[in-house]
Amino acid sequence: MVLRQERRAAERLLVSVIDDDESVRESLPDLLGEFGFAARTFSSAEEFLASDCIDQTRCLILDIAMPGMSGPDLQRKLKLREQEIPIIFITASTDKAVRPQLIERGAVECLFKPFSDTAMLEALNSVFHPTQ
C-alpha cells in the first residue's frame, strides 16, 4: 500500500514554488497536493537554481519581488539557459500594470496576493490543459 502511494506521488507533475514568504511556502504545497501535483518549495531563486529540481519542474509558481534575484530575473536566466518552464507569477504588489508586462514576457499568469484557490487552479489549468 505505501509503495503504491509513493509511486503515485512520483508520477505527479512537479510544481516548484519560489517565495521568500514562509507562509506561502507552507500553504501552497498543501493546495497543490489537493490539485494532484507534487510540490517543492524554495525561499529564493538562487536556492532553486542550486537544486536538482530544475529539470523535473513542470511549472514554477514564482514571487516577483524577493531579496537577491527577483522572479523576472530568474525568468530571464532560465530563458538564457534555454530552460523553458511555464511560470505563474504571484505578487503582493498592488500595481496592476505589472501583470500585462509579465504576460508579454511569457508568463502564463500573474496572480495578486491573496489569490483564491480557484484562481490558482485556473492558472495551473492554463499550463497543463491549455485547450480547456
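Throughout, read-outs are computed from the coordinates displayed, never taken from laboratory work. Computed from a predicted structure; not experimentally measured. Please note: Cβ atoms are built from the backbone with ideal geometry, for glycine as well, and neighbour counts cover all protein chains shown.
Key figures
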read-out: Cut-off under 5 Å, modelled amide H: who pairs with T41 long-range; value: V17
read-out: Other-chain or far-sequence residues with amide H under 5 Å of C59's (modelled H); value: S16
read-out: Taking I54, I18 and counting other C-beta atoms within 10 Å, the order from fewest to most; value: I54, I18
read-out: In sequence order, calculated HN-Hα J values of segment 108-114 (Karplus, 6.51, -1.76, 1.60; Hz; x Gly/Pro); value: 6, 7, 9, 9, 9, 6, x
read-out: Net charge dipole size for the chain [Lys, Arg +1 and Asp, Glu -1 on Cβ; Debye, nearest 20]; value: 380 debye
read-out: Long-range amide H partners of L111 with built H, under 5 Å; value: F89, I90, T91
